[in-house]
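Shown next, in C-alpha cells, is the structure this report addresses.
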Amino acid sequence: MSRAAVVIAGVAIAAGSTTAFADMDRYTSGAHSWRTGGGYQVGLQDTKGDGNSVKAEYNRNGHGSEVYTLWNHSGEGTKAYSNKGGKVWDMRVCTEIDKWPDDCSNWWSDDH
C-alpha cells in the first residue's frame with residue numbers, strides 16, 4: 001500500500017471516530033446542543049442575543065433514566081458543558097421564554 005493510501009485510510013478512520021456522535025445535534029431559534037466527549041457529555045450554546053437563557057434536557061444509560069438539565073444563563077455565544085457520566089441517550093434543547101412556553105426542539109433518541 002502506498003503512503004498516500006495509508007494517509008487517506010487514516011483520515012477516513014479518524015473522520016469516522018470524530019463524527020460518531022455528531023448525529024445528536026438539536027437546535028431552536030436561540031440554542032444549540034450536541035453530544036460530545038465520546039457520547040458521555042452534553043454541550044450547549046446560546047446562539048442569539050435575545051436575553052433568554054437556554055437549556056439542554058437529556059438522560060443517560062437508556063430507558064427510564066432520570067432527566068438531567070444543563071443550563072446556560074451567560075448570553076449569546078457562550079457554551080456550557082455537562083459533567084461526563086453514562087452515555088447520553090436522549091436529548092432536546094430549549095430556549096426559555098418568560099411568560100410563554102419554552103421553544104424546544106424535538107427529542108433526539110439514540111437507538112437503545
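The values are calculated or read from the model by the stated rules, or taken from the named source; none is laboratory data. For clarity, every value in this text was computed on a predicted model and none was experimentally measured. Here the Cβ positions follow ideal geometry from the backbone for every residue, glycine too, while neighbour counts run over all protein chains shown. All accessible areas refer to the heavy atoms of the entire protein, side chains included, with ligands and DNA or RNA removed. Shrake-Rupley method; radii C 1.70, N 1.55, O 1.52, S 1.80 Å.
A 1.4 Å probe run over region 49-101, with the rest of the protein chains in place, finds 59 Å² accessible per residue. Dividing the convex hull volume of the alpha-carbon atoms in region 25-107 by its residue count gives 83 Å³ per residue.
In the complete set of protein chains, residue-level accessible area for residue 65 is approximately 30 Å², probe 1.4 angstrom.
What number, in percent, do you get for the relative contact order of region 25-107 if the mean sequence gap of Cα pairs under 8 Å and at least 6 apart is divided by its residue count? List each step's numbers first, then the result.
Working: 222 pairs, mean separation 28.1, N = 83.
For region 25-107, the relative contact order is 34 percent.
Using the Karplus relation 6.51 cos²θ - 1.76 cosθ + 1.60 with θ = phi - 60°, the per-residue 3J(HN,Hα) values for region 96-103 come to 7, 10, 4, 6, 9, x, 4, 8 Hz, with x marking Gly and Pro. In this structure the amide hydrogen of residue 97, modeled in the peptide plane, comes within under 5 Å of the amide hydrogens of 102, 103, none closer than 5 places in sequence on its chain.
DSSP loop (so not H, G, I, E, B), at most 10 other Cβ within 10 Å: list which trypsin sites (Lys or Arg not before Pro) in region 68-107 pass both filters. Present the calculation step by step, with values, prior to reporting the outcome.
On the way: sites: 79, 84, 87, 92, 99; in loops: 84, 87, 99.
When the trypsin sites (Lys or Arg not before Pro) of region 68-107 are filtered for loop state and at most 10 Cβ neighbours within 10 Å, 99 remain.
Full extension of the chain between residue 84 and residue 61 gives 7.1 nm of extra length, using 0.36 nm per residue less the Cα-Cα distance.
Projecting the Cα atoms of 27, 58, 89 onto the dipole axis of region 25-107, where Lys and Arg carry +1 and Asp and Glu carry -1 at the beta carbon, places 89 farthest toward the positive end.
Between residue 68 and 58, 59, the built amide H atoms are under 5 Å apart, and every one of these is 5 or more places off in sequence or on another chain.
Given charges of +1 on the Cβ of Lys and Arg and -1 on the Cβ of Asp and Glu, with all other atoms neutral, how large is the dipole of region 25-107 about its Cα centre, in debye to the nearest 20?
Values: 10 positive and 11 negative charges, 79 e Å.
The dipole magnitude comes to about 380 debye.
Among the protein heavy atoms, those of residue 104 account for about 50 Å² of accessible surface (1.4 Å probe, every chain in place).
Each of residue 29 and residue 68 was given a label point 7 Å from its Cα along the Cα-to-Cβ line. The distance between the two points is 3.0 nm. Split the accessible area of region 25-107 by element, probe 1.4 Å, and carbon with sulfur accounts for 44%.
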